[in-house]
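The values are calculated or read from the model by the stated rules, or taken from the named source; none is laboratory data. For clarity, every value in this text was computed on a predicted model and none was experimentally measured. Cβ atoms come from the backbone with ideal geometry, glycine included; neighbour counts cover every protein chain shown.
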Amino acid sequence: MRNIPESFAARLGGASTICHCWRLQLRDGSVLGFTDHDEDVVVQGLVHAAGSGLSASEAHQQLGFGASGCMLAGALDISSLRAEDVLSGRYDGGRIECRLVDWRAPDNSLLVDAFEIASLRRTQHGFSAVLTGVAQRFHEATGRLYQAGCDAEFADARCGLEGAHFTLAAQVASSDGDLVLRIVSTSKAEGWFANGVLARSDLTRLRIRSHFVGTKQDELVLWAPPARPFEIGEAIKLTAGCDKMLATCRDRFANVVNFRGFPHVPSPEMVLAYAHASDVTMDGGSLFR
């Protein structure tokens, strides 16, 4: 049961002066505020911008640890919400606090719920966000999986490599559509940047699908189109990629000691195969003796 302060409960009857305020905190530490009131509202020192076009659907909740959530929609004409940030995933994983606020006395407010942004996508005239309650974490699988490939992110703490040592500056020579661009030759072997990351000056990060080497130029194919097209001569940064296989970790990066996969786990075909009396590899012993 929610405890509502008497001073705030008194505002809920008669001619209400209550509005909704949303406080959005991004993973990079940035904090934004929005309100459905017709004027800006300052709550706990943060200006919640009016005229944002934000609207929230009915939120659903239940007792226990069941997942709760709601939908949040708005327009992209807010100066702090940029289309390229939405497409690049900057807001994904952000935390939103929803408050009921007395706009005549903003210090008099009630925290209704807290959500995390499960996904944020662009629509024709704005954006829509799927919000999930913090109890959703109890429905997520945690821990490691027994799989042949490495489950660490390239150059993270578990990988142990320094990403800066595998990042270099490049320059866009031309682009072919939204997914293919050509860069001045990097003198790297073909496939070096496959599964890697392309970073732009506005901090947008794009995943690289494949990398081909030409005579004077390299060709990169992206997994998803950028929010804005590339310009000839644009400066970018490229970080090497890894396909998470043991051979790549050993031969390309000499980092087998930090490999986080289980390459010797038998394949499903081996597990489900019938044993034959003449098959010496199916006697229950090691497959790598």
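Summary of values
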| item | result |
| --- | --- |
| Residue within segment 166-176 that is exposed (fewer than 15 other Cβ atoms within 10 Å of the Cβ), assigned by TED's automatic domain parsing to the domain that holds Val265 and at pLDDT below 90 present | yes |
| Residue that is surrounded by the fewest Cβ atoms within 10 Å (Cβ to Cβ) [pool: residues in segment 147-162 that are within 27 Å of Ala118 (Cβ to Cβ) and of a type outside the set (D, E, K, R)] | Ala157 |
| Per-region count, segment 178-199, residues touching a residue at least 24 places away in the same chain (Cβ under 8 Å), part of a loop (DSSP other than H, G, I, E, B) and at negative phi | 10 |
| Residue match in segment 146-163 (condition: outside any loop (DSSP other than H, G, I, E, B), assigned by TED's automatic domain parsing to the domain that holds His264 and either in contact with a strand residue (DSSP E or B) (Cβ under 9 Å, 6 or more places away or on another chain) or within 20 Å of Arg90 (Cα to Cα) (or both)) | yes |
| Selection count, segment 200-222, where residues are of a type in the set (Val, Ile, Thr) and in a strand (DSSP E or B) | 3 |
| Subset of segment 1-29 (residues that are modelled with pLDDT of 70 or more, exposed (fewer than 13 other Cβ atoms within 10 Å of the Cβ) and within 30 Å of Asp92 (Cα to Cα)) | Asp28, Gly29 |
| Residue match in segment 251-262 (condition: surrounded by 13 or more Cβ atoms within 10 Å (Cβ to Cβ) and at pLDDT below 90) | no |
